[in-house]
Amino acid sequence: MGIVFNKYQGAGNDFIIIDNRKDIINPDDSKLINKMCDRRFGIGADGLILISGSPQYDFEMKYFNSDGFEGTMCGNGGRCSADFAIRAGIATKKLTFKAIDGVHKAVSEEGIIRLKMNDVKEPRLINGSYFINTGSPHYVLFKKDIKDIDVNAEGKNFRWSEEFAPGGTNVNFVEIEKNGIYVRTFERGVEEETLSCGTGVTASAIALALSGHFDTKTVSVKTKGGNLSVSFSISGKIISDIWLSGPATFVFKGEIEV
């Protein structure tokens with residue numbers, strides 16, 4: 001059977017996106033999803049996204065990590081899904097979709113996809129660093145010279161720490177720069193560094209504000225895969241009106257035999 005797919009990337013975070021409104025893929029087929037994400041024996045991607053129909057919203061996004069299993073919210077994946085839906089005629093440039101963590105709005109403006117993230121409540125300090133759930137759990141560590149950090153080795157030190165049981169955490173290494181922050185992320189489910197992580201970038205920007213380093217309405221974020229930005233409002237222990245913005249790029253379309 002041939003499955004038509006679209007390859008996307010958002011700041012280097014790459015995805016296979018499949019229109020699954022006719023149920024051509026079983027979401028429980030973790031072996032197939034893992035194989036398709038394999039960079040040597042499949043298409044290759046950090047994750048796979050199934051676009052399903054929704055009676056209330058423009059579509060439903062189901063995100064799977066490259067290990068083949070459904071993951072938590074993916075910010076860059078959400079932005080790429082929005083662009084795919086617009087290109088496919090599923091939605092207009094202002095749209096609403098359902099994801100595992102709830103409902104999201106997205107807007108396409110001059111090549112940039114802006115994604116509204118859900119409110120963050122009760123960020124926690126753990127061993128002096130912030131643990132923030134932005135639809136996915138993230139531990140944020142502020143460091144210097146993060147270009148020299150072995151992110152895979154250091155990330156694994158925190159990935160399954162007992163403080164983050166039972167599901168573990170993503171780990172972000174953040175360096176404060178003159179015009180924003182530089183972020184490198186060890187991503188769970190991929191189990192290695194990705195070129196960028198939307199929910200990780202969002203958590204890092206929020207941690208910057210909570211630690212007293214934020215004095216503008218928008219945080220500019222540099223990643224190995226490209227540039228993103230995050231804006232939000234803080235009221236007590238609730239962070240709201242969170243928008244993740246950046247490019248979502250169609251790479252190519254193909255068909256794979258399975």
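Brief remarks follow.
- Residues that are buried (at least 17 other Cβ atoms within 10 Å of the Cβ) and within 17 Å of LYS116 (Cβ to Cβ) within the stretch 45-71 comprise TYR57, ASP58, PHE59, GLU60, MET61, TYR63, listed in sequence order.
- Here GLY226, GLY189 are screened, and the one residue that is small (Gly, Ala, Ser) and in contact with an Asp or Glu (Cβ under 6 Å, 6 or more places away or on another chain) is GLY189.
- Condition check for PHE214: free of Cβ contacts under 8 Å to residues at least 24 places away in the same chain and either farther than 23 Å from GLY47 by Cα or touching a helix residue (DSSP H, G or I) at 6+ places or on another chain (Cβ under 9 Å) (or both): yes
- If the condition is being surrounded by fewer than 20 Cβ atoms within 10 Å (Cβ to Cβ) and closer than 16 Å to ARG124 by Cα, then the stretch 159-208 contributes SER161, GLU162, GLU163, PHE164, ALA165, GLY168.
- Residues in the stretch 20-33 that are under 28 Å from SER245 (Cα atoms) and either among the polar types (S, T, N, Q) or buried (at least 21 other Cβ atoms within 10 Å of the Cβ) (or both): ASN20, ILE33.
- Qualifying residues in the stretch 102-139 (those that are of a type in the set (Asp, Glu) and closer than 18 Å to PHE232 by Cα) - the one modelled with the lowest pLDDT: GLU122
- Residue within the stretch 2-9 that is in a loop (DSSP other than H, G, I, E, B), out of contact with any Ser or Thr (no Cβ under 6 Å at 6 or more places or on another chain) and either without any contact (Cβ under 8 Å) to a residue 12 or more places away in the chain or not hydroxyl-bearing (Ser, Thr, Tyr) (or both) present: no
The values are calculated or read from the model by the stated rules, or taken from the named source; none is laboratory data. What you see is a predicted model, and the numbers here were worked out from it, not measured in a lab. Neighbour counts are summed over all protein chains in view; Cβ atoms, including those assigned to glycine, are modelled from backbone coordinates with ideal geometry.
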